[in-house]
Amino acid sequence: MHGKVTDSGPLPVSYGSQSNKYYMRHDWAIYGLPNDVLETGMKNLHEALPQNGWKITSYGPAHSEARQLTIKAEHAQDHYTVLIEWIKGKSPGDAPTATDQPEIGVLLTSPAYEEPAGSDPT
Amino acid sequence: MVTRQQLADLDLTKVSAAADGWGDLMARMDAARSKSTNGIAKPLDMDQKGEAANAMHDRLSQLSQNYQYVYQESGYLRTVLAALVDELRPVQKQLHDAIEEAQRDGFTVEADGSVSYPAGPAPVPLLPQPAGSAKPGEPVTPVQVPYARGQSPLELQNSQHDTAEAIANRIAKAVSQATEIDERYAKMLAKVKSQQDWRITDKTWAAVAAEGKDTQDLVGNDLHLDRLPDNSDPKKNAAWWKHLTKEQQEEYLALYPDRIGAIDGLPATVRDEANRVVLRESRASLEAQLDELKQKEPAKYPEGRPEAPTPEYQDWENKVQSLEDRIKGTDVVQNALDSVGGNGLPEKYLLGFDTRGNGHAIVANGNPDTAQNTAVYVPGTGAKLSGLGSDLNRMDALWQSAHRLASDQQTSTITYLGYDAPQDLGAATLRKYADQGAPALSSFMGGLAAAHDGDTAAHTTMIGHSYGSTLVGVAASHGHIATNDIVVAGSPGVEVGNAKDLHVGANHVWSEAASDDPVPEMGKYLSQLPGNAWAVDRFHGIPYNVGYNPQVPSDEAFGANRMHVDTSGHSAYWDSDSESLLNQARVVTGKYGEVTLD
């Protein structure tokens, strides 16, 4: 699948100013492809994830008006979690200014890490 | 000491041109600083790692600071030179007029400044009128003669003498005024010393601030600057700024950065420019206060009784801690601005900054004036400048998700710490912090709307966490606050009992509350914060109460959209694996259809 990918990188996110804990978070999407291609992509992901050490924790429509197909999974070994959703474009409930762009979004999150006191993960 | 010849010959257009030259330099320094921060440092940061990269980053950061320093100093010089021209011009004119009049009357202005007049014509009777010379300040002896008034030879001679003397007086006055002006301005220009090396320190910024005050006193009115607007109407403020000339805008920025940075309705780039200067100057000022205070440490314990510290010591210690805390706060903000975003994060704009109280800051990811989607996040209890790092961090994460959901649109996520948040749970039950903070928040939102680019659609969402939601609620219920959607997370109450009373439409109000977040319950039963409504209270669908009772946004009866939350506790709405944050991003980008609901 060769589409465009959003330009972003993993972000450290802290658990609050009183805490040394943080996690890594990366939310990106692949877009610029028609929905039938994205549909195939979702099916492929659903099959490939378990083969790569991921345990699928849910697969089905989201509990939203648009019912976007969502895969949630957790990696058996390093305990990263992922939320993958296929957004088909603008749904009837969206704001008039919302984008109409179909995409597959991938939200990857790490478990919590502990920072040594005084250092800054950014 | 200015000489008459110097003043007469002075070409003021050259001085004006010099002032303009400094103005040009200001513009170029502005562009250079922006380029070194965003155009060079940022892309480098993304590719390089390690010690060498850190060293490079430090150098670029120093370079950016140098550009900013030259920008400020150029502004100062430009203002001073322009004021000099303004003061000298009328004085020079006085001199020129006096000299011209002397020439017309046939007088001669001597080298020493005295004005000599030739022998007058012989009136009737035929007495020769001697030539004479008048020095300024000479007494004139009146003489009685039997001639018509003004016609006696002596009177004629005296009247020439008087005229000559008057002219000499005017010349002397002009020269003396010019000398005073010259001395005054020489002192101001001397303050701009060149650095030994190019390390700009806190002392440097303190000096810049002091110069700024000098020029304010001097030229505020002389340059015919319109008065600053009273900041009560963001639309008027926006119009006021647009109607200024570029020179006037630059002068305001140089003279009043703290005021310009706080005027709602001004472009984000302008506020950012101004507040970055305020940030540097504030840190320098706080450091100076701390140094001074540290030299005045009182005795900790009273004589011979080391049980408890003296009140003087405790007071001193509180002051020291407050300063240290605010200095830490300025560092938090400075680091955020300097951390040029690897990770695809956009430029940051400092829309507000001051060190009053616990300190305030408003920081935007991406320019809200050109963004289609803007989020304004208001943190809650315990929020203060020194702890703002985690709040800024959350808005980075929100930006990334909103950008992912709408990559073909521009997004801006703003952290708003423009109010004094209650610092402990006891204080957080009181409404006064929200009441006091609401007008400024309303004005800020109005300012975003007024400054927004007219050709781009604008969709705005406010996100209030905990007490921040109360502040948003008070502002929204009292007037029509400029927002399309309101999200509240862990809300203890928003002053009204029903979502529709927030005036954005009940279906544009979104609530997040973790099932084990105690704050909504505490707010509902133990605080002043919620509003009341006639409602049936239900617990998991089972009605247990009916009446005119406090309703918080997580109550079904309140009528808000209740978004799915997969985190636990009061502060985790932005935490790991958080669909809570993703739901916020969905509202921010108008993707309401994709919001997962409870």
Residue by residue through the stretch B:404-416, the couplings from Karplus 6.51 cos²θ - 1.76 cosθ + 1.60 with θ = phi - 60°, in Hz, x for Gly and Pro, are 5, 6, 9, 6, 8, 10, 9, 10, 10, 10, 10, 8, 10
Per its Cα gyration tensor (rounded if a/c is under 1.5, else prolate when a/b beats b/c, else oblate), the stretch B:388-544 is best filed as prolate
Ordering B:61-67, B:413-419, B:388-394 by per-residue average of other C-beta atoms within 10 angstrom, highest first, gives B:413-419, B:388-394, B:61-67
Note: A:88-95 gets an average of partner chain Cβ contacts (10 Å, Cβ to Cβ) equal to 5
Counting every C-alpha pair in the protein assembly as shown, the percent lying more than 52 Å apart is 29
Simple SL model, points at 7 angstrom along Cα→Cβ for B:Leu430 and B:Val320; separation in nm is 2.9
Burial-style ranking of B:433-446, B:10-23, average other-beta-carbon count within 10 Å with highest first, yields B:433-446, B:10-23
Output ordering of B:263-270, B:106-113 (per-residue mean of other Cβ within 10 Å, highest first) is B:263-270, B:106-113
Given a Förster distance of 22 Å, the FRET efficiency implied by the Cβ-Cβ spacing of B:Asp11 and B:Glu101, rounded to the nearest 0.05, works out to 0.50
Classified through the alpha carbon gyration tensor (a ≥ b ≥ c as square roots of its eigenvalues; rounded if a/c is under 1.5, else prolate when a/b is larger than b/c, else oblate), the stretch A:30-79 comes out oblate
Dividing the mean separation of Cα pairs under 8 Å (6+ apart) by the residue count of the stretch B:380-448 yields a relative contact order in percent of 37
Rounded to whole angstrom, the alpha-carbon centroid of the stretch B:222-281 lies from that of the stretch A:60-105 at a distance of 43
Taking the stretch B:394-478, the equivalent ellipsoid from its C-alpha gyration tensor has semi-axes in Å, biggest first, of 27, 17, 9
The pairs in A:Lys21/B:Lys328; B:Lys294/B:Lys328; B:Lys187/B:Lys296 lying past 22 Å Cα-Cα in this model are B:Lys187/B:Lys296
Averaged over residues of B:366-373, the number of beta carbons from other chains lying within 10 Å of each residue's Cβ is 1
Taking placed amide H atoms and a strict 5 Å upper bound, the residues 5 or more places from B:Thr596 or on another chain that come that close are B:His564
Semi-axes of the stretch B:269-341 from the Cα gyration tensor (sqrt of 5 times each eigenvalue, largest first, whole Å) come to 36, 12, 8
For B:Lys242, counting only aspartates and glutamates whose alpha-carbon sits under 18 Å away and dropping same-chain residues fewer than eight positions off, the answer is B:Asp226, B:Asp230, B:Asp233, B:Glu250, B:Glu251, B:Asp264, B:Asp272, B:Glu273, B:Asp369, B:Asp453, B:Asp455
For A:Gly89, the residues 5 or more places away or on another chain with a placed amide H closer than 5 Å to its own amide H are A:Glu103
Expressed as a whole-number percentage, the relative contact order of the stretch B:432-481 with C-alpha contacts under 8 angstrom and at least six residues apart is 57
Rg/Rh of the stretch B:298-384 (Cα atoms, Kirkwood Rh), to two decimals, equals 1.22
Partner shielding of B:398-411, as the mean number of partner chain Cβ atoms within 10 Å, equals 6
In terms of the alpha carbon gyration tensor, root eigenvalues a ≥ b ≥ c, rounded if a/c is under 1.5 and otherwise prolate when a/b exceeds b/c or oblate, the stretch B:478-598 is oblate
Length-normalised contact order of the stretch A:69-115, Cα under 8 Å, at least 6 apart, in percent, tallies to 37
At q = 0.15, 0.28 1/Å the base-10 log of I(q)/I(0) from the Debye formula over the alpha-carbon atoms of the stretch B:229-291 is -0.48, -1.19
Listing B:Val488, A:Val13, B:Val320 by rising number of other beta-carbon atoms within 10 angstrom, fewest first, gives B:Val320, A:Val13, B:Val488
Sorted by chain and then number, the residues having a modelled amide H within less than 5 Å of the amide H of B:Asp537, at least 5 places away or on another chain, are B:Tyr544, B:Asn545, B:Val546, B:Gly547
From the Cα centre of the stretch B:416-441 to that of the stretch B:373-405, the distance in Å is 18
Taking Cα atoms only, Rg over Rh for the stretch A:48-122 with Rh from the Kirkwood formula is 1.12
For the pair B:Leu293 and B:Arg184, the simple spin-label estimate (label points 7 Å beyond Cα toward Cβ) gives in nm 3.7
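Readers should treat all values here as calculations from the given coordinates under stated rules, not as data from a laboratory. As the structure is a prediction and not an experimental result, all values here were calculated from the model. Counting neighbours? That spans all protein chains shown, and the Cβs are built from the backbone with ideal geometry, glycine included.
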